[in-house]
1. Please give the charge dipole size of region 1-148, origin at the Cα centre, charges +1 on K and R Cβ atoms and -1 on D and E Cβ atoms. Round to the nearest 20 debye.
2. If you take the charge dipole of the chain about its Cα centre, with +1 on Lys and Arg Cβ and -1 on Asp and Glu Cβ, which of GLY27, ILE5, GLY185 is farthest toward its positive end?
3. Taking the Cα centre as origin and putting +1 on Lys and Arg beta-carbons and -1 on Asp and Glu beta-carbons, what dipole magnitude results for region 79-199, to the nearest 20 debye?
4. How large is the accessible surface of LYS128 in square angstrom, using a 1.4 angstrom probe and rounding to the nearest 10?
5. Quick one: compute the contact order of the chain, relative version, from alpha carbon pairs under 8 angstrom and 6+ residues apart, as a percent.
6. What helices does the chain hold that run 24 Å or longer along their axis, going by alpha-carbon atoms, with a Kyte-Doolittle average of 0.0 or more, using DSSP H for the helix calls?
7. Considering amide H positions built from the backbone, and no H for Pro or chain starts, which residues 5 or more places from TYR175, or on another chain, come under 5 Å of its amide H?
8. Ordered by packing density, taken as the mean number of other Cβ atoms within 10 Å over each peptide's residues, highest first, how do 5-16, 113-124 rank?
Amino acid sequence: MKKIITVSRQFGSGGRSIGKAVAQELGFDYYDSELVERVAKETGFDPEYIADAGEYAPGRSMLSYAFTSGAPHGTAGHAGAADYLWAAQCRVILELAEKGNCVIVGRCADYILRERDDCLNVFVYADKKYRADRIVSLYGVRDKSPEKRLDEKDGKRRINYKYFTGREWGVPQNYHVSLDSGYFGQEETAHIIAALAKK
C-alpha cells in the first residue's frame, strides 16, 4: 500500500474535493489548508499570500519571477519571497510525508517527494465545459468568463511548476496516473485513486 498520495489538478476539476474523499476512504491525514497554516507559522507570511503564491506564478510568464526574486532561480544571492516560500513548503511537505499516511494536494508535492517510493502521484483533469460549469456553481459568476479564469489559473500553475521543478505541469510522465474527473465523476475518481493506493 502507498503511504502518500499527491494530488495535482487542473483548476475546477475537483482535485481538492477528490483528495479529501480519498483521505477519508483510506483513513489518511489530509493536507491542503492545513499545509498552508503550517507554512504560515514557519514563515510569518499571511496564509492568503501562501495559498496563492505557493501554487501560482505572480504573472503570466517566467519573467514575472524576476520582479519578486531579484535574481535568476538557483543563482547566488537569490533570496526573494518566492524562493523563501518554496523552501519552507519543501520542508513542511517533507516533514508531513515522514509523519506517515497522508494525501497532499498541490504545491508541487509530486516533485518534492520524487525520491520516495511509497508515493502515488495523481493528476486530475477534466474538459473545459465541465470545469467551467463547476466553478460557476461553486464560486458564482465573476467579471471574467469561467473559461478565461480556468486559462489564467492553469497558466499560472503551469509556470509555477516549471519555474521550481524544471518539469512540465500536467504531463502524464510526471505522474503515476492521470484521471478525468468529468468522465468518472468525483466519487468514482476518489474510489479509483484509493483502490490504486491499496495495491
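The values are calculated or read from the model by the stated rules, or taken from the named source; none is laboratory data. From a predicted model like this one, the values you see are computed outputs, not experimental measurements. Please note: Cβ atoms are built from the backbone with ideal geometry, for glycine as well, and neighbour counts cover all protein chains shown. Keep in mind that these areas ignore ligands, DNA and RNA; they rest on the heavy atoms of the full protein, side chains included. Shrake-Rupley method; radii C 1.70, N 1.55, O 1.52, S 1.80 Å.
1. The dipole magnitude comes to about 480 debye.
2. The residue sitting farthest along the positive end of the dipole is GLY185.
3. Approximately 300 debye in magnitude.
4. Taking all protein chains as shown, LYS128 has close to 80 Å².
5. 38
6. Correct list, ordered by number: 81-99.
7. Sorted by chain and number, the residues that satisfy this come to none at all.
8. So the peptides 5-16, 113-124, ranked by packing, come out 5-16, 113-124.
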